[in-house]
Structure formats: C-alpha cells, structure tokens
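These notes concern the structure reproduced below.
The values are calculated or read from the model by the stated rules, or taken from the named source; none is laboratory data. The structure displayed is predicted, hence computed values, not measured ones. Backbone-built Cβ (ideal geometry, glycine too); neighbour counts: all protein chains shown. Side chains included, ligands, DNA and RNA excluded: accessible areas come from the protein's heavy atoms. Shrake-Rupley method; radii C 1.70, N 1.55, O 1.52, S 1.80 Å.
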Amino acid sequence: MKQTGNTSRLFDFLERLAANNSREWFAENKAEYLSLRDEWLGDVQRLINALAVYEPALAHVQAKDCAYRIYRDTRFSADKTPLKTYFSALISPTGRHSERAAYYLHMGVDECALYGGVWCPDSKTLKKLRKAIVDNIEEFRGIVEDKEVVRLFPGWWGRALKTAPKGYDRDHPDIEFLRLTEYGKCHNLDREFFDAPDWPEKAAAIMAVLKPMCDFLNYSIDEEI
C-alpha cells in the first residue's frame with residue numbers, strides 16, 4: 001500500500017469527478033481512482049496508527065475497514081448522481097460500522113474536516129447520553145469547554161431539537177446539551193493542510209483532543225441503567 005503526503009492529485013480527481021459524475025466517466029477513469037485510493041488508504045493507516053498512541057483500542061484497526069465506498073446510495077434520494085465527490089473514513093475499534101463515539105475524516109470537493117463524537121444514536125442511546133450528561137454535568141462541561149476543545153472544535157455539529165426533549169423542561173440549565181440529538185464536533189480544514197507530508201500525524205493530534213469527550217460518551221453508552 002503506497003503512502004504519500006501529497007494529495008493534490010486526489011483533489012484534482014475529485015474535481016473532475018464532480019464535473020463528470022456518471023458511471024461511464026468513472027469506468028473510464030477507474031484505474032486512476034484505484035491508484036489514488038490505494039495511496040489514500042496508506043495515509044489513513046498512518047492516521048489510525050498515530051491515533052492509536054492516544055487510543056490503544058485502535059491498534060489493530062485497518063484502513064480498509066474504516067473507509068467508505070465511493071458509490072452513493074441513491075434509493076431514497078432526489079439526487080441520483082451515482083458517486084460521492086469525497087473520500088471518507090470512520091475510525092473506531094470496529095471500523096466504519098460503529099454505534100459508539102468515533103472519529104471521522106472527510107476529504108472532498110466542498111468540505112475537508114475532522115470530526116469526533118456520536119452520530120444518529122437510537123432513542124435508547126440518546127436517552128442514556130442525556131441522563132449521563134445531566135448526572136455528571138460538571139465533568140461533561142469540563143471536558144467540552146476545555147480551552148483546546150473550544151479552540152479546535154468550536155460549537156456542536158449535528159442535529160438539535162427546537163424545543164426541550166420529552167422529560168426535560170425547556171428552561172433546564174443544561175438545555176443547550178439536552179436539545180442535541182447528536183453529539184459531534186467538527187474541525188474544518190483547508191485543502192492545503194493535506195499538502196504536508198505528515199498530515200496524518202497532525203490530524204491525529206487534532207482528533208486526540210476529543211478523546212476525553214469520546215470516552216465520556218462511550219462510557220455512558222456502555223453503562224447499565
């Protein structure tokens with residue numbers, strides 16, 4: 001598996017894909033795609049290995065198990081373009097299949113970012129997370145309001161209710177957290193970030209800032225109530 005810190009060819013390919021988003025064009029350029037994906041997987045593996053220094057549970061994880069496919073699921077979408085215009089990977093001990101807090105890399109035409117947290121939890125999990133936050137609010141605030149977290153991951157990313165969830169008053173002192181239906185944070189990046197040969201290691205250092213939050217969320221998910 002090749003490794004490279006220069007991703008300009010990857011973004012050039014994604015730009016051309018965005019302008020020619022069809023299965024026919026992709027078939028004609030699939031050899032280039034496979035070469036770029038192989039190089040990118042090498043970089044993702046470096047990212048995982050660097051993250052494993054902070055999160056030992058990732059030590060065995062392989063990049064190929066974290067990477068998402070480029071084909072879009074168009075069954076329930078009005079947008080029928082067949083291909084994604086980005087490369088992405090969800091990094092967790094179980095690869096891209098995880099219902100727990102994890103890390104996510106997104107490199108695309110319209111967005112480049114690093115994420116961490118829990119997305120689309122089911123109602124039972126969301127209920128547990130809200131209870132854990134309320135019961136341990138000082139600890140949770142200390143984690144998410146840490147200076148480095150605020151500097152690198154300002155605000156929350158994800159969906160939120162317009163009002164209070166069932167069982168909580170809209171004037172609850174922690175309503176800002178209780179209204180969230182996902183607990184995720186995002187660090188936006190410019191494409192130039194990926195020009196650095198050591199971008200995977202730099203990305204891991206940024207993502208690692210969210211480890212205390214992910215630990216809190218995962219402990220809360222696993223806790224019996």
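Tabulated data
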{"item": "25 °C / 0.890 mPa s Stokes-Einstein diffusion coefficient of the chain, Kirkwood radius on C-alpha pairs, µm²/s", "result": "130"}
{"item": "Cα-projected label distance for GLU99 with ASN188, points at 7 Å along beta-carbon direction, nm", "result": "3.3"}
{"item": "Cα gyration tensor category, rounded, prolate or oblate, for segment 1-95 with a/c compared to 1.5", "result": "oblate"}
{"item": "Cβ-based net charge around CYS112, under 11 Å, with every Lys or Arg adding one and every Asp or Glu removing one", "result": "-3"}
{"item": "GNM flexibility winner over the chain from ASN136, ASN49, ASN21 (Cα, springs under 10 Å)", "result": "ASN136"}
{"item": "GLU224-ARG69 FRET efficiency (beta carbon distance; Förster radius 30 Å; 0.05 resolution)", "result": "0.25"}
{"item": "Potential lengthening between ARG9 and ARG141 on full extension [0.36 nm per residue; Cα-Cα distance subtracted]", "result": "43.4 nm"}
{"item": "Total formal charge among the other residues, if their Cβ is under 11 angstrom from that of TYR71, Lys/Arg +1 and Asp/Glu -1", "result": "+3"}
{"item": "Formal net charge of residues neighbouring ARG159 (Cβ-Cβ distance under 15 Å; K, R +1; D, E -1)", "result": "+1"}
{"item": "Accessible area in square angstrom per residue, the chain, 1.4 angstrom probe", "result": "53"}
{"item": "Modelled FRET efficiency - R0 41 Å, LYS131 with ALA196, Cβ distances, 0.05 increments", "result": "0.45"}
